[in-house]
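Below: one structure, written as structure tokens.
The values are calculated or read from the model by the stated rules, or taken from the named source; none is laboratory data. Please read these numbers as outputs of a predicted model, since none were measured by experiment. Every residue, glycine as well, gets a Cβ built from its backbone with ideal geometry; the counts of neighbours run over all protein chains shown.
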Amino acid sequence: ISLGLMVGLSGSLEAPDIPRLLPFAPDFLGFRGALCGHSGRVGSISAEAVAQIRDLIPEASRVGGASSVDYRLLAARGYSPGTDPTLGTDKIFVRDFVLPVQIGAYSFEHGHTQKVRFDVIADVLQVTDHPEDMRHVFSYDIIMDGIRTIVARGHVQLSEALAEQVASYILENPRVVRVTVRVEKLELGPGGVGVEIERKRQSAGRGVASGSAGRKDQSAVSRARQERPEAIRRAVKPAVVKLGGSTADAAEMADWVAALAGSKLPIVIVPGGGRFADQVRETQIYMDFSDTAAHAMAILAMEQFAQIILDRDERLEPARSLEEMRRALDAGKVPVWLPSS
């Protein structure tokens, strides 16, 4: 963070991974096969799959504050419920989830772990009566990931404190209106000992606005984006879009570049190896080049593909440094990274 670096994840990510990763506030998430629907990496990019991924990811996150994800942005984009209270709630549960935990107030409980069982029931607002994909559900993985994250922080003195932390984590999601958490220590006697708590959402400010107020907020966000695109570009972190080598000869290449160049949100294009990626790999294998030499060749291949991309649209701007990227974004251009520098 002190270096101003962006941190994210990529590599065979799928739609169900998104709600699990959002609480960790990644600057970017990378997808490949997930954008091709059920065809995987060998298929063409699916507009429906791209739309689903896009709907699951917020366009910006809150700066500062205890919560790592600004779910109000998701609500403004139609992701979270709250506009139809007649749908009711579902109960999402995790039962008999046992982890080794550093817990206890006694001295003999410090310095080692003991088995703790978690049982969680979350009352979650429905989005639709006909759930079809990850946009319509609250994943139980979020609960388990939250418990693991809290446990990994280190020693907890009290079972009550651990239960409160789990409940607070789950209630950060505005779809959750009530949560019951049971924390049970399993190694202090012949049976389990622990605590069970129930917590409800305390204020509307933590949740999603509903009814006419919710619609008003959504229109205000839309107006702000339409009236001040330059302010949005400065406030939102740029999305990093990689055009891989397999796109070099794709029939849709011109359309993709035009769509990226016309984006109203800040984008930085990172080129792949283009037409020369395979040749670089084959040359390293057959001629036994060192990793350093192969790396240099790969960078040159990326740069040549970057020039091909730049030639496609005048709204694109070459950028060899972060400063050049910032200048291009401030000018309303889409920078294309030239990595040789």
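Annotations for the structure displayed:
- Residue within region 88-106 that is surrounded by 12 or more Cβ atoms within 10 Å (Cβ to Cβ), among the acidic types (D, E) and in contact (Cβ under 8 Å) with a residue 12 or more places away in the chain present: yes
- Check on D255, at pLDDT 85 or above, at negative phi, assigned by TED's automatic domain parsing to the domain that holds M302 and loosely packed, with under 13 Cβ neighbours inside 10 Å: yes
- Test: S44 is modelled with pLDDT of 50 or more, out of contact with any Gly (no Cβ under 7 Å at 6 or more places or on another chain) and loosely packed, with under 15 Cβ neighbours inside 10 Å: yes
- Flag if M325 is in a helix (DSSP H, G or I) and touching a helix residue (DSSP H, G or I) at 6+ places or on another chain (Cβ under 8 Å): no
- The set of residues in region 107-120 being within 20 Å of R178 (Cβ to Cβ) and buried (at least 18 other Cβ atoms within 10 Å of the Cβ) consists of F118, V120.
- Checklist (1) assigned to a loop (DSSP other than H, G, I, E, B); (2) more than 16 Å from A239 (Cβ to Cβ); (3) within 27 Å of the chain's Cα centre (by Cα) applied to G332, failing item: (2)
- Residue in region 143-153 that is in contact (Cβ under 8 Å) with a residue 12 or more places away in the chain and on the phi > 0 side of the Ramachandran plot present: no
- Members of region 134-155 that are in contact with a helix residue (DSSP H, G or I) (Cβ under 6 Å, 6 or more places away or on another chain) and part of a loop (DSSP other than H, G, I, E, B): S139
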